[in-house]
Amino acid sequence: MRKDVRILLVGEPRVGKTSLIMSLVSEEFPDEVPPRAEEITIPADVTPERVPTHIVDYSEAEQTDEQLYQEISKANVICIVYAVNNTNSIEKVTSQWIPLINERTDKDSRVPLILVGNKSDLVEHSSMETILPIMNQYTEIETCVECSAKNLKNISELFYYAQKAVLHPTGPLYCPEEKEMKPACIKALTRIFKITDQDNDGILNDAELNFFQRACFNTPLAPQALEDVKNVVRKNVSDGVFDNGLTLKGFLFLHMLFIQRGRHETTWTVLRRFGYGDDLELTQDYLFPLLKIPPDCTTELNHNAYLFLQSVFDKHDLDRDCGLSPDELKDLFKVFPYMPWGPDVHNTVCTNDQGWITYQGYLSQWTLTTYLDVQRCLEYMGYLGYSIISEQESQAAAVTVTRDKKIDLQKKQTQRNVFRCNVIGMKGCGKSAFLQAFLGRNLMRQRQIREDHKSFYAINTTYVYGQEKYLLLHELFTDSEFLSDSEISCDVVCLVYDSSNPSSFEFCARIFKQHFMDSKTPCMIIAAKSDLHEVKQDCSPSPLDFCRKHKMPPPQPFTCNTVDVPSKDIYIKLTTMAMYPHARLRCMCTCNRCTFCVCQNFLNSDLLHSVKTKLYTAVLNRLSPDVDELGAMLLADEESSLGHQVHAVSYVEDSIFMESSLDARLKTEDRHVMQADLKSSTFWLRASVGATMFAVLGFAMYRALLKQR
């Protein structure tokens, strides 16, 4: 809606332009009329359309042609005033004023015109027979009003129609020569129909019509009013009503009826509610609502947005196979001015055996768009009508801006659900295969991908400690060890090398030392093509020693040359590292397939072994050989119990993996104990004291871990 309306009155001298303005303001005919009235502003609260209105007078005696041209260029609507008792002033409408105005305005954005026949009190006949041919000749003429400044006849109506011509113009909607709606209007109303048709059955049932009525006019229709509307359509359009619902043809007919009866404001109210401007294009304010995103914050879709997108998917998944066929996908995007997803999307998200985007893939693509280009996401949600269907102020309500990553690191926890992993490695090391394996495609399926349909992104869900998270893989193409800030910015780094190529790992080592050695971003090294013969890398140290030196997980073997779907364990590890970047998690087992089993890591840590050794020595010190086996069994039971207690801990701090100086001393101590004959009561007393000490120490360590968490 415009912020204000500027009305300009032009015409021959002494036709009553100034009198009309003064009669409107004072509500009486002036005794003395000045040559020209000063510009008048009518406040919004006293106008029917609630829009401030500026009324500008023109006087040939007081203004130059240049001033006239400037006023024409600034006007939103121009009233050409003539005197109904002056034939010459009527002729000047077509011979002078309309050509002059058209010369000073763009052809594609002609200013609306209103013909005003003043002094109707001086004649008994109407001038409409003379004016109608002129109105038919010039489509920019909105209407003609006969009035009288002296009798105050139709003065308020004149300026109301002038306002209406600006706020609810006929030109963009209707072609009077052909008596049909214009293509742009039909296109806009068709989109509105498809958005409102929430079950996608091609008709608007009573519930959908009532929702449409509430969304546009803030009031539902009574049952009888609904029937009256449908009866009007039935009488005029044979297939306008089907199965007691309004078809697209009937919907368009209703709006043409509104326009033909002069109720343009009804159609414009609908158009503007769905985001359209005066040019029948979706406005920038509608498509791109304001959304502030501070540095180091990311953007994600919230729960309500996913519910909306789920309803859109269900609406177009007509065969209910949880996949969008090409026709279903095309139908979904009919409300868009262009096809937003290219063929590469099928290699970015999960698809079914037919290559169609699955429900999970569909949500993943929306998640990817929101994370990488939130403005594009807002635009897309605007095309789908999110703010109307979800009854929100704008589609910005669908987006959650996460908090600063520095705060997550300080609090050692995150509320984010989308994590970015940059995949780096030499050309040909297997990065693309690593991305496609994340989507469940083995090497055989990957060979069917066309070169021009490849994607540098892959996104899918993983589960970390029972929570569903999105992992976004981004393949970086660089032969240089220097990366830009945008290439470095991520939640976790995946350095890929070809285990069958002896010169492949050196590139990863250089990248790590250059950018990530002193960074807080966790890194993982992937030994790709592990199904091939592993060769020794040319660089020193070896990949395993390199990882130990820099306190990283050992190189993870990876291959997608499998018969079945490639394993997702490695991607779960990456997501876990992204969620807990402050915890130096290492896989201690040899299988390299576990997802950071924290219990095993803890039970195999050097610190726990040193504590266990000390307690073992203290308890069994000076005990008889007969009870060695019993003591060992007791300690084994205590260790198992401690393991069960620690299992609930979700991550372990760096201190767990620091070698204790105590451990170094204990390794040099003589672990042989002296044997002595003891009475049975003395043995059980000492054994009980030792067990109690172990339990207290274990409980203290457990409390310490929980406090760190």
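The values are calculated or read from the model by the stated rules, or taken from the named source; none is laboratory data. Every value quoted in this text rests on a predicted model; they were computed, and no experiment measured them. When we count neighbours, we look across all protein chains shown, and the Cβ atoms used for this are built from the backbone with ideal geometry, even at glycine. The protein model used for the area step is the full one, side chains on, heavy atoms only, and it has no ligands, DNA or RNA in it. Shrake-Rupley method; radii C 1.70, N 1.55, O 1.52, S 1.80 Å.
Take the alpha-carbon centre of the stretch 407-438, take the same for the stretch 487-559, and report the distance between them in whole Å.
Between the Cα centre of the stretch 407-438 and that of the stretch 487-559, the gap is 14 Å.
Please compute the per residue accessible area over the stretch 395-541 with all protein chains in place, 1.4 Å probe, rounded to a whole number of Å².
Values: 6920 Å² over 147 residues.
I get 47 Å² per residue for the stretch 395-541.
In cubic angstrom, how much convex hull volume per residue do the alpha carbon atoms of the stretch 104-236 span?
Values: hull volume 25.4 nm³, N = 133.
In the stretch 104-236, the Cα hull volume divided by residue count equals 191 Å³.
Please report, to one decimal in angstroms, the Kirkwood hydrodynamic radius of the stretch 443-498 built from all distinct Cα-Cα pairs. Please list the in-between numbers first.
Numbers: mean 1/r = 0.0707 Å⁻¹.
Final number for the Kirkwood radius of the stretch 443-498 is 14.1 Å.
I'd like the carbon and sulfur percentage of the solvent accessible area for the stretch 86-216, probe radius 1.4 Å, heavy atoms only, ligands and nucleic acids excluded.
Numbers: 2960 of 6230 Å².
Solvent-exposed carbon and sulfur of the stretch 86-216 make up 48 percent of the total.
How fast does the stretch 139-200 diffuse by Stokes-Einstein, in µm²/s, taking the Kirkwood radius from C-alpha pairs at 20 °C and 1.002 mPa s? Before the final figure, lay out each step's value.
Working: Rh = 14.3 Å.
Taking Rh from Cα pairs, D becomes 150 µm²/s.
Roughly how many Å² is the accessible area per residue of the stretch 1-135, as a whole number, for a 1.4 Å probe? Kindly include the intermediate steps, with their values, before the conclusion.
Numbers: 7210 Å² over 135 residues.
That works out to 53 Å² for each residue.
Roughly how many percent of the accessible protein surface of the stretch 340-417 is carbon and sulfur, given a 1.4 Å probe and a whole-percent answer?
Working: 1380 of 3180 Å².
So the carbon and sulfur contribution to the accessible surface is 44 percent.
Loop-only GluC sites (Glu not before Pro) in the stretch 79-187, please: DSSP not H, G, I, E or B, and at most 11 other Cβ atoms within 10 Å.
Glu124, Glu177, Glu178
Say a paramagnetic label sat at a point 7 Å from the Cα of Thr562, along Cα to Cβ; which residues of the stretch 342-378 have their backbone N under 19 Å from it?
Those under the cut-off are 349-353.
Using only the alpha-carbon atoms, what does the stretch 153-310 span along each of its principal axes? Please give whole angstrom values in decreasing order.
Rounded to whole Å, the extents work out to 62, 44, 29 Å.
On alpha-carbon atoms, Rg over Rh for the stretch 335-492 using Kirkwood Rh? Mind showing how you got there, number by number?
Working: Rg = 17.1 Å, Rh = 17.5 Å.
We get a ratio of 0.98 for the stretch 335-492.
Just how much of Val15 is accessible, in Å², when a 1.4 Å probe is used and the result is rounded to the nearest 10?
The accessible area of Val15 comes to roughly 0 Å².
Loop-only trypsin sites (Lys or Arg not before Pro) in the stretch 210-318, please: DSSP not H, G, I, E or B, and at most 16 other Cβ atoms within 10 Å. Display every interim value, and only then the final one.
On the way: sites: Arg214, Lys230, Arg234, Lys235, Lys249, Arg261, Arg263, Arg272, Arg273, Lys292, Lys315; in loops: Arg261, Arg263, Lys292.
Here the trypsin sites (Lys or Arg not before Pro) that fit, given the DSSP loop and packing criteria, are Arg261, Arg263, Lys292.
Could you give the radius of gyration (one decimal) and Dmax (whole number) of the Cα atoms in the stretch 40-163, in Å?
Radius of gyration, then largest Cα-Cα span, for the stretch 40-163: 14.7, 39 Å.
Sorting Ile7, Ile572 by accessible area (1.4 Å probe), largest first, what list results?
Working: Ile7 0, Ile572 35 Å².
Result of the area sort, largest leading: Ile572, Ile7.
Please state, rounded to one decimal and in Å, the Kirkwood hydrodynamic radius that the stretch 41-112 gives when every pair of distinct Cα atoms enters the mean of 1/r.
Numbers: mean 1/r = 0.0712 Å⁻¹.
Hydrodynamic radius (Kirkwood, Cα only) of the stretch 41-112 equals 14.0 Å.
Net charge near Ala433: determine it from the other residues with C-beta under 12 Å of the C-beta of Ala433, scoring Lys and Arg +1 and Asp and Glu -1. Could the numbers behind the result be given before it?
Values: positive: Lys431, Arg441, Arg445, Arg447, Lys454, Lys529; negative: Glu475, Asp498, Asp531.
Taking every Cβ under 12 Å from that of Ala433, the sum is +3.
Which entries in Lys431/Lys536; Lys107/Lys179; Lys469/Lys513; Lys164/Lys230 show an alpha-carbon gap greater than 23 Å? Intermediate results must be reported in sequence, preceding the final value.
Numbers: Lys431/Lys536 20 Å; Lys107/Lys179 21 Å; Lys469/Lys513 29 Å; Lys164/Lys230 28 Å.
Violating the 23 Å Cα-Cα cut-off are Lys469/Lys513; Lys164/Lys230.
Given the alpha-carbon gyration tensor of the stretch 272-325, what are the semi-axes of its equivalent ellipsoid in whole angstrom, ordered largest first, with each equal to the square root of 5 times an eigenvalue? Let's see the in-between values first.
On the way: eigenvalues 152, 97, 15 Å².
Calculated on Cα positions only, the semi-axes equal 28, 22, 9 Å.
Run the Debye formula on the Cα coordinates of the stretch 189-267, all scatterers equal and no solvent, and tell me log10 I(q)/I(0) at q = 0.13, 0.21, 0.24 1/Å.
Scattering profile of the stretch 189-267, log10 relative to I(0): -0.35, -1.00, -1.34.
Quote the Stokes-Einstein diffusion coefficient, in whole µm² s⁻¹, for the stretch 1-67, based on the Kirkwood radius over alpha carbon pairs, a temperature of 25 °C and a viscosity of 0.890 mPa s. Please report the intermediate quantities before stating the final value.
Numbers: Rh = 13.0 Å.
In µm²/s, the coefficient rounds to 189.
Quote the charge dipole size of the stretch 331-396 about the Cα centre in Debye, to the nearest 20; the model charges only the Cβ of Lys and Arg (+1) and of Asp and Glu (-1).
Values: 2 positive and 7 negative charges, 13 e Å.
Magnitude of the dipole: close to 60 debye.
Determine, for the stretch 270-419, the count of lysine pairs separated by eight or more sequence positions (or lying on different chains) whose alpha-carbon distance falls under 28 Å. The partial results should precede the final answer.
On the way: Lys292/Lys405; Lys292/Lys406; Lys292/Lys411; Lys292/Lys412; Lys315/Lys330; Lys315/Lys334.
Lysine pairs, 8 or more places apart or on different chains, close enough: 6.
What is the log10 of I(q)/I(0) for the stretch 235-354, computed with the Debye formula using one identical point scatterer on each Cα and no solvent, at q = 0.11, 0.14, 0.21, 0.23 Å⁻¹?
Log10 I(q)/I(0), no solvent term: -0.65, -0.98, -1.33, -1.36.
Please work out the C-alpha center-to-center distance from the stretch 301-326 to the stretch 141-215 and express it in whole Å.
Between the Cα centres of the stretch 301-326 and the stretch 141-215 lies a distance of 33 Å.
Is the shape of the stretch 484-544 rounded, prolate or oblate, going by the alpha carbon gyration tensor and its root eigenvalues a ≥ b ≥ c, with a/c under 1.5 for rounded and a/b larger than b/c for prolate? List each step's numbers first, then the result.
Working: a/c = 2.54, a/b = 1.89, b/c = 1.34.
Prolate, since a/c reaches 1.5 and a/b exceeds b/c.
Counting every Cα pair in the stretch 95-145, what percent are over 14 Å apart?
Values: 729 of 1275 pairs.
Summing the P(r) tail past 14 Å for the stretch 95-145 gives 57 percent.
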